[in-house]
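What follows is a short report on a single structure.
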Amino acid sequence: MQLIFATNNKHKLEEISALLKGYAHVKGLKEIGIHEEIPENCDTLEGNAVEKAMYIFSKYGYNCFADDTGLEIEALNGRPGVYSARYAGTGCSFDDNVNKILAELGNEKNRRAKFRTVIAMVENGQVKTFEGEVHGIIIEEKKGSDGFGYDPVFVPDGYEITFAEMSLDIKNKISHRAMAMQKFVRYLQNHTK
Ligand code: IMP
């Protein structure tokens, strides 16, 4: 089975290709000659993931999957959520985003948050979604230099270090993306037997 992953993120592509080896042959957008910007106009993670996968299916006729991730902070009513990538404005850095959530939280006692990933798969026009979450807290100061995004301020439940202090090996076992991918891979494994 050939599947298109609606992404240009090489790292994500390698990760999922390895997981799906033997079940599906995964290709990224560049590999099939699609270089255009894929629309992402929804105000939910589910909406965006479905929109991206459906766009490729409708326009190019490929079975396709796409993902969308956000950090949802309880005391900020679920923000930055679907706006995680550009929370501090167009062209902002990861650091700008982290500084913005720390400023918004201030001395807030409730630091509970979760990362959530939704994967949407469109197969012959039918949509299926798979979701993964990791719960934790937002600490007051950045710690660690690995990872990306909000990693330096996120401490997952059951650990005393941030995602940015953790080896990629461990992060990849417990993360939101890993959980969503596992469900997706299990589905494909059963489905493509
Ligand atoms: P995307 O949907 O995977 O592109 O993620 C959107 C945004 O969420 C990214 O630009 C990051 O700011 C944030 N994000 C996603 N995954 C992670 C993660 O594993 N650690 C920290 N931040 C993340």
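The values are calculated or read from the model by the stated rules, or taken from the named source; none is laboratory data. What you are looking at is a predicted structure, and each value in this text was computed from that prediction instead of being measured. FYI the Cβ positions are ideal-geometry reconstructions off the backbone, even for glycines, and counts take in every protein chain you see. The accessibility values were calculated without ligands, DNA or RNA, using every heavy atom of the protein model including side chains. Shrake-Rupley method; radii C 1.70, N 1.55, O 1.52, S 1.80 Å.
Over the chain, DSSP H runs of length four or greater, each weighted -39,500 (n - 2.57), average out per residue to a 222 nm ellipticity of -10000 deg cm²/dmol. Summing charges over neighbours of GLU133, with a neighbour being any other residue whose Cβ is under 10 Å away from its Cβ, gives 0 when K and R count +1 and D and E count -1.
Find how many whole Å separate the alpha carbon centroid of the stretch 1-46 from the alpha carbon centroid of the stretch 86-124. Using only Cα atoms, the two centres lie 22 Å from each other.
At a 10 angstrom cut-off on C-beta neighbours, averaged per residue, how do the peptides 112-119, 16-23, 158-165 rank from highest to lowest?
Working: 112-119: 22.1, 16-23: 15.0, 158-165: 16.5.
Result, highest mean first: 112-119, 158-165, 16-23.
Rg then Dmax, both in Å and based on the Cα atoms of the stretch 1-95: 14.8, 44.
Where the only charges are on Cβ atoms (+1 Lys, Arg; -1 Asp, Glu), what is the dipole of the stretch 118-170 about its Cα centre, to the nearest 20 debye?
Details: 3 positive and 11 negative charges, 40 e Å.
In total the dipole reaches around 200 debye.
Pairing the Cα long axis of helix 45-60 with the longest principal axis of the chain, what angle in degrees results, from 0 to 90 and rounded to the nearest 10? The helix 45-60 is inclined about 30 degrees to the chain.
What whole-number value in cubic angstrom gives the convex hull volume per residue for the C-alpha atoms of the stretch 2-191? Please list the in-between numbers first.
Working: hull volume 22.2 nm³, N = 190.
Per residue, the Cα convex hull of the stretch 2-191 comes to 117 Å³.
Just the number please: accessible area per residue for the chain, 1.4 Å probe, all protein chains included, in Å². Walk me through the intermediate numbers first.
Working: 10070 Å² over 193 residues.
Ligands and nucleic acids excluded, the figure is 52 Å² per residue.
Between helix 10-19 and the chain there is an angle of about 60 degrees, using the helix long axis and the longest principal axis of the Cα atoms.
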